[in-house]
Amino acid sequence: MNDKKVTYLEAIGQAIREEMLRDEAVFLLGEDVGAYGGAFKVSAGLQNEFGVDRVIDTPMSEAAIIGSAVGSALMGMRPIAEMQFIDFITCGFDQIINMASKMYWRAGMPVSMVIRGPSGGGTKGGPFHSSSPEAWFFHSPGMKVVVPSTTYDAKGMLKAAIRDNNPVLYLEHKLLYRMPELREELPTDDYIVPLGKAIVRREGEDMTILTYGAMVHQCLKAARILEEADDLEVEVLDLRSLAPLDRETIQESVKRTNKVLIVHEDTLTGGIGAELSAILAQDLFEYLDGPITRVAAPDVPFPYAPQLEAAFLPDADKILVAARELAAY
Amino acid sequence: MELERANLLQIYRFMRLTRVMEDRIRTLFLQGRIVGGVYTAQGHEATTVGAAMTLHDGDCIVPQHRDLGMHIVRGVSPRSIMCQWLARGNSPTLGRDGQMHIGDMHAGVVPMISMLGASLPVACGVALTMKMRKRSNVALASCGDGATNTGSFHEALNFASSQKLPLVFVIENNGYAYSTPTSKQFAIQNLADRALAYGMPGQSVDGNDVFAVIEAVGKAVERARNGQGPSLVECKTFRVRGHSEADKADYVPAELRAEWLAKDPIQRFADYLFRYDILTENINAKIEAEIKAIINDAVNFAEHSPAPDGATVSDYVYAPNGPIAIVGEPDADNPQYINAFDSRTGQPFSIVDKAEEAVGRR
């Protein structure tokens, strides 16, 4: 293994560290983030380097963590609030929805903060350690919601999020944290990945798959199989940023392929795919040669047992079934 | 805190200005000129004015809906307040929010939201920043008896205490959360007792006695300023009117209301001032005339201010990116910083009197 390669998780830690070095207004707060280095060790070593005042171990109090981040952001700081598991963000919901996201619109004062944490399933985490909460916040004007799928993006988007003057929800998929295939050598120079820009991960002319997060990798796997077994060229578009949404890149792709499959790990109803479908139906109706098709988790809580989790989570096999049906339409 | 004669008159003036302004706000509501809900705080003036009097420049208030008195002490402009109540396009929220939901971090005022108690964790962040930046400033956050039952209240007190933040929590216990009396809200006699659970000093005082409020809050502020951490002060007062002006509050026993009306904090303070010849009929008449002129000016100004343009409703959802100043530090008003001014309008934040000239309100 090349020693210069880093994991998705290490890239997140690097982004936090480099931003803390670059700007003294940046600090991290959350449960067990200090000496312990965080439940997943994202912040390992940071408290040693920056001290207890800039890497703050908090009580188990999500409203206080997020609320404190809002208050310090109003003072001009750039807090990074960690949710130990992103599921716990519900305990701080009010601070995000009513306090942070509406502040600039109503009071003209920027809330320059990041809320980040491990989301997503596939780790036998059960109903309370596996969720994908993006749709709640996607529906909240004033929030930015980003979901990096690669190591390069994990670092570049977190840096962009920290420098952003708005509340940014940064969802890191825990399944990607140490995935060997995602290890990557990153540029040594400072770089950011601008928020609000989607990226085509694989080009194709027969169909566009709109996806994000860990599902990008399931979609790429399915696309390779479709090429080999079905002679289909599937374009995989990684949205990366859900809010703001890169409508331009989506439209450009769908206008070429004329068929759209939307894939997300979150449950179906009222999910990101619902809004994407509506946008496509309204803006690109005449370009579509088949029904806008969604692959998502069923409308049930996230289950625990491996058999149930497998039945729940979208994967390459489920994507293949839907893609073949759409291709044949 | 040493209280000079002039200072006492200033306190009295602030309390009267608060009362008279709220009376006028109520009239505007009854006349149909204020379209949304109106929440006033007759009887709270000793608490709100007294508590805010203990602060210095660079300190920050984190007020709630019955804290007009705190705003007045901190220099928030009556014109701004009236523009806000009348939902004008030049109000601090550009007509996007109502009531006392206004703020300006440079003036040390955090804008509240309607989820009472939700501002307390935000106050922790303000105080945390003061501590991290090694300032000798203090944040003062208030809430009602109702909000002490929220999780945010308890999380904030615990967080502030465990982080030893320069923060003072003031509870304005006015007997009712909307229609629910304190006896149905909690099983303790003194809300200050809750401080014990968080390892901070707690004190209950007569919230209608401005001297008692200033002494207790002043002590807590000094303690916070000296780096000794947060305190809790419960000011016991009473909500002699309804939760909002739409609430007749007939659930409040008449004799209880009468008892508290007789304990009116402004009358009580005026009696004291007259007794010691600090306030005279002449001075009083001058103060009342001044207050009347200020309020007439504010209402007149607001009524002649433009309504917001409906076409702007979708503007400024996101703040622009760029450098951010740390509020209260040298150069924080340098226009290179996105938060040095209101980047929605390109003008300085202007809720305080002294800033009004800059935006052409004076």
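The values are calculated or read from the model by the stated rules, or taken from the named source; none is laboratory data. A quick note: this is a predicted structure, and the numbers were derived from the prediction, not measured. Here the Cβ is made from the backbone with ideal geometry for all residues, glycine too, and neighbour counts use every protein chain on show. The accessibility values were calculated without ligands, DNA or RNA, using every heavy atom of the protein model including side chains. Shrake-Rupley method; radii C 1.70, N 1.55, O 1.52, S 1.80 Å.
The table that follows gives values for the structure above.
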read-out: Radius of gyration and Dmax over the Cα atoms of the range B:5-308, both given in Å; value: 18.5, 52
read-out: Förster-model FRET efficiency, 22 Å R0, B:LEU3 and B:ALA289, C-beta, rounded to 0.05; value: 0.35
read-out: The range B:216-319: proportion of alpha-carbon pairs further apart than 21 angstrom, %; value: 71
read-out: Summed buried accessible surface, chains B and A, 1.4 Å probe, nearest 100 Å²; value: 4000
read-out: Inter-centroid distance (Cα atoms) of the range A:154-179 relative to the range A:75-96, Å; value: 13
read-out: Cα-only radius of gyration and Dmax that characterise chain A, units Å; value: 19.5, 60
read-out: Entries of B:LYS184/B:LYS219; A:LYS144/A:LYS174; B:LYS164/B:LYS219; A:LYS197/A:LYS318 with Cα pairs more than 24 Å apart; value: B:LYS184/B:LYS219; A:LYS197/A:LYS318
read-out: Percent accessible area from carbon and sulfur atoms, the range B:137-242, protein chains only, probe 1.4 Å; value: 48
read-out: Rounded FRET efficiency, nearest 0.05, which uses the C-beta distance separating B:ASP315 from A:GLU49 and R0 of 25 Å; value: 0.05
read-out: The range A:199-328, accessible area per residue, ligands and nucleic acids excluded (1.4 Å, Å²); value: 44
read-out: Debye, to nearest 20: dipole size of the protein assembly as shown, +1 on Lys, Arg Cβ, -1 on Asp, Glu Cβ; value: 1560
read-out: Dimensionless Rg over Rh [the range A:5-185; C-alpha; Kirkwood]; value: 0.93
read-out: Viscosity 0.692 mPa s, 37 °C: Kirkwood-radius Stokes-Einstein D of the range B:149-289 over Cα pairs, µm²/s; value: 192
read-out: Where Rh is the Kirkwood radius over Cα pairs, Rg/Rh for the range A:199-328; value: 0.95
read-out: Fraction of beta bridges assigned by DSSP in the range A:5-185 that are antiparallel (%, nearest 5); value: 10
read-out: Point-to-point label distance, B:ASP297-B:ALA262, nm (Cα→Cβ direction, 7 Å offset); value: 4.0
read-out: Positive-end residue of B:VAL210, B:VAL313, B:VAL73, charge dipole of the protein assembly as shown with Cβ unit charges; value: B:VAL210
read-out: Accessible surface of the range A:5-185 [probe 1.4 Å, protein heavy atoms]: carbon and sulfur percent; value: 56
read-out: Reachable aspartates and glutamates, given that their alpha-carbon falls under 17 Å from the alpha-carbon of B:LYS131 and they are not under 8 places away in the same chain; value: A:GLU24, A:ASP53, A:ASP57, B:ASP57, B:ASP59, B:GLU222, B:GLU329
read-out: Within chain B, helix-based [θ] at 222 nm, where runs of 4 or more DSSP H residues each add -39,500 (n - 2.57), nearest 500; value: -12000 deg cm²/dmol
read-out: Share, in percent, of DSSP beta bridges within the protein assembly as shown that are antiparallel, nearest 5; value: 20
read-out: Helical mean residue ellipticity (222 nm; -39500 (n - 2.57) per DSSP H run of 4+; nearest 500) of chain A; value: -10500 deg cm²/dmol
read-out: Dipole of the range A:5-185, positive end: most advanced residue of A:ASN166, A:ILE16, A:MET75 [Cβ charges, Cα centre]; value: A:ASN166
read-out: Compactness of the protein assembly as shown - radius of gyration and Dmax, Cα, Å; value: 27.7, 98
